[in-house]
Amino acid sequence: MPSSSASTTDSAKSTTGGVQSLERAFDLLERMADAGGEVGLSELSASSGLPLPTIHRLMRTLVACGYVRQQANRRYALGPRLIRLGESASRLLGTWARPYLARLVEETGETANMALLDGDEIVYVAQVPSKHSMRMFTEVGRRVLPHSTGVGKALLANVPDDEVRALLSRTGMPAATEKTITTADGFLAALAEVRGLGYAVDDNEQEVGVRCLAVSVPNSPTAAAISISGPAGRVTEAATDKIVPVLQQVAAELSQALASQAQA
C-alpha cells in the first residue's frame, strides 16, 4: 500500500508529466504579467479558473520566494527577484540570436539588431555591426521608447489599439527628429501599414540620416524583433525590396531555433 506522501506527490503531477503546482505557479506569473504586473486574487481566479484557496496558497509561496510581493492594497505584484531572471534570459536570447544577426550583416551589409519589448520600452539585447566604415551602432542594453523605432512598430503591430494607446499615454511621444510620429492616431496608422506590408520602417524618425527596417520574430517566447539599420543613402527604397525578404527569412529561422531551445 503506497504511503500518503507518495500518493500526494503522484496527485500533484500533471497529465503532461510535470508537477502541477509548478505549472500553476508559472501560469499565474504569466497571467500577472499579461495584466500589467499587478492583480487581485479574484482576478486571477476568474482568468485561471482555479479556486481562491489554491491561488492563495501558490501566491503565498511565490511571495516567500521573492517572485511576487503583496501591496498595501492587498493586491499582488511581480517581485524584484524576477528582474535577475529576466536580465539573464535576455542576455541568453541575445547570444542565441547573434549567428542569425551575423547572417543578416553578411547578406545586407548593414548593422543588425535584436530588440525586445520590456514593459513600455524597447531594449536592445544583441547587435552585430556592419563592416562599412560608416555604420550604425546601438549599445546592447539601450532602452528607447517604441514610437520612434522600427523595432517598436514591429513589436506593437499586433497589439490591440486600446493597449497601444494606453502605452503611449504612459510614455508620451517626444520627438527625436522632425520626422518622429508624435500622435497616437498617427502611430496607429503606421502600425496598420506595418500589418499590411509585413515589415516596419523607421525613416529618419529616431536619428536623422538613418533608416531602419524591422520585422517581428514569429512565435517568439517573448515579443522580439530583428532589424537592420544604416545610412539613408544606402538603405533606399530599392534596397528595401531586397532586404525585407532576407529579414523575414532570418526571423522565421530564428523563431524555429528558439522553439527548439524551449523544447530542449
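Screening the stretch 59-95 for residues that are in contact with a Phe, Trp or Tyr (Cβ under 8 Å, 6 or more places away or on another chain) and modelled with pLDDT under 85 and picking the one that is surrounded by the fewest Cβ atoms within 10 Å (Cβ to Cβ) gives Arg81. Could you tell me whether Glu106 is loosely packed, with under 13 Cβ neighbours inside 10 Å and modelled with pLDDT of 90 or more? The answer is yes for Glu106. Cβ separations smaller than 6 Å between residues 6+ apart or across chains give the following pairs from the stretch 231-249 residues that are farther than 20 Å from Ala102 by Cα to residues that are surrounded by fewer than 16 Cβ atoms within 10 Å (Cβ to Cβ): Ala232/Gly209.
I want to confirm something. Restricting to the stretch 104-157 and keeping residues that are among the basic types (Lys, Arg) and part of a loop (DSSP other than H, G, I, E, B), which single residue is nearest to Pro174 (Cα to Cα)? Top of the filtered list is Arg142.
Regarding the stretch 161-182, can at least one residue be identified that is surrounded by 19 or more Cβ atoms within 10 Å (Cβ to Cβ), in contact (Cβ under 8 Å) with a residue 12 or more places away in the chain and either charged (D, E, K, R) or at positive phi (or both)? The answer is no, given that none of the residues of the stretch 161-182 is surrounded by 19 or more Cβ atoms within 10 Å (Cβ to Cβ), in contact (Cβ under 8 Å) with a residue 12 or more places away in the chain and either charged (D, E, K, R) or at positive phi (or both). Count of the stretch 34-55 residues, restricted to those that are assigned to a helix (DSSP H, G or I) and surrounded by 14 or more Cβ atoms within 10 Å (Cβ to Cβ), is 8.
The values are calculated or read from the model by the stated rules, or taken from the named source; none is laboratory data. No experiment lies behind these values; they were computed from the predicted model shown. A quick note on method: Cβ atoms are made from the backbone with ideal geometry, for glycine too, and the neighbour counts reach across all protein chains shown.
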